[in-house]
Ligand code: HEM
């Protein structure tokens, strides 16, 4: 440790001691009616206890739930976290008391660097900027008209996808499902965003930079103890370098598109979607409250949000579906039969077709239940003091909604650990509402309320159509040298520790 670090540490402890004294005075030493939780250490609360556990936060939360019940709290450095795990309380907070729980907590300097001070749908605080960005996202990306307008993009990307599956199988004897699907979903989103067809290498660069950004923005000590930020200088430097790479990767796409939209220039003939049809077109003229017209920094952030939010989530669902299909050949056969009955053995599966395939939809829902891509929603923050589950929830605390818990609750699901898509056809999943708008909730893989995932329809479409095409064309079998391993690893989403490798046989 350098001398400057020791100095910073000393000053940090000094200021923390002052902060802690005022915290005790203001909060009456924790005596006010906060949800119960584990006793913490002076100054840092439960922060270092969690770090010293040396296991993922999710496992700590699962143990604490057993001890403290469906709602509890923790003091993580300077942030109070309230953890909500029961479906009724999650629904009450996110839907019935929606606006109060709809904000986002403060961010660390690294996260602020990538969000340009919280200028994206997912990161903006609840208010006019968030409303404008989200409204724009909904009309420009996921309105039925826009989704239809972009059908041909998926058609083109899926054609290449099938070729890639074949060539990878020929070359290696198996396919890495996650790898191939990531590339396809990324290329679809890049096209929807910039309206341009670009080289495979460029798409790969965008995917790589997206993965790195997701890794570097995972919450760390300064998120909870901002005063420690100076100790993370090296990481900040790495983050700045990465941001530069991200800008270099995406700014040329933005500039080319602007030249096409404003002057009709298209020298490399890469612009295939007409003016107004790419997401970024709408951002060029958007007047964002508090920001005005958006600069290149903001445009890069808002565009990359599509990749950060849309690639990992959809592809991890696809990978888990295929794990279940190679392990459960009877389910795969049933799905194949439904596809053949709907469009024929060699018929082209269109987007309207997959909506009508009830078994396919059941397989995807069961995957979202058993292998929920997210255990938590993104962190929420309260906009004012309120009450939940009989406890007081102060203003501007972090509220973490543990949505995965309800998927494995035996009071809600029969044999919750068993993968059985039929439950969504004639069992305990029939009337399930995944959006939380109809009242009682049993599964919320996309969250609910004000901050619910606006990419739901697009994400499900990408999963459903890709899955249907892959099952129609090939029979999927476990790779003999690498048996499927359902061990989970926790990254941005819940991924497979050992990525699935499968053998494919043409149908
Ligand atoms: C199967 C795929 C997907 C799953 C499971 C999923 C899940 C989620 C979840 C759990 C949240 C957090 C909600 C909250 O904080 O309460 C979220 C937020 C979000 N998702 Fe998705 N998502 C998926 C696909 C997509 C796609 C394809 C896009 C965009 C192209 C997208 C864009 C977003 C955005 C922008 C937010 C932030 C919303 C806000 O803060 O207002 N998602 N998603």
Using helices alone, what [θ] at 222 nm do you get for the chain, with -39,500 (n - 2.57) per DSSP H run of 4 or more residues, divided over all residues and rounded to the nearest 500?
-> -16500 deg cm²/dmol
Quick one: grab the alpha carbon gyration tensor of the stretch 262-389, order the square roots of its eigenvalues as a ≥ b ≥ c, and give me rounded if a/c is under 1.5, else prolate or oblate depending on whether a/b is larger than b/c.
-> oblate
Cα axis of helix 151-172 to longest principal axis of the chain: angle in degrees, 0 to 90, nearest 10?
-> 80
Label-to-label distance, nm, for residues given as residue 88 and residue 55 (7 Å Cα→Cβ offset) = 2.9
Taking the Cα atoms only, what angle lies between the long axis of helix 3-27 and the longest principal axis of the chain, rounded to 10 degrees?
-> 80
Pulled fully out, how much extra length does the chain show between residue 241 and residue 345, if you take 0.36 nm times their separation in residues and subtract their Cα-Cα distance?
-> 32.4 nm
Dividing the alpha-carbon Rg of the chain by 2.2 N^0.38 Å yields what?
-> 1.01
What is the fewest-to-most order of 218, 331 by other Cβ atoms lying within 10 Å of their Cβ?
-> 218, 331
Any idea what angle helix 456-473 forms with the longest principal axis of the chain, computed on alpha-carbon atoms, 0 to 90 degrees, nearest 10?
-> 40
Assuming a viscosity of 0.890 mPa s and a temperature of 25 °C, what translational diffusion coefficient in µm² per second does Stokes-Einstein assign to the stretch 331-442, Rh being the Kirkwood radius over Cα pairs?
-> 147
Show me 224-237, 309-322 ranked by packing, highest mean number of other Cβ atoms within 10 Å first.
-> 309-322, 224-237
Segment residue 481-residue 293, length gained on full extension (0.36 nm per residue, minus Cα span) | 62.2 nm
Highest to lowest packing among 107-116, 483-492, 387-396, scored as the average C-beta count within 10 Å | 107-116, 387-396, 483-492
Kirkwood Rh, angstrom, the stretch 77-163 [1 / mean 1/r, Cα pairs] = 16.3
In nm, spacing of pseudo-spin labels at residue 148 and residue 41 (7 Å Cα→C-beta vector) | 6.1
Among 187-193, 352-358, what's the highest-first ranking by average C-beta atoms within 10 angstrom per residue?
-> 187-193, 352-358
Which translational diffusion coefficient, to the nearest whole µm²/s, is obtained for the stretch 28-149 from the Stokes-Einstein equation, given a Kirkwood hydrodynamic radius over C-alpha pairs, 10 °C and 1.306 mPa s?
-> 92
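Coordinate-derived values only; no laboratory data. Values in this document were obtained by computation on a predicted structure and should not be read as measured data. Note: ideal-geometry Cβ built from the backbone for every residue, glycine included; neighbour counts use all protein chains shown.
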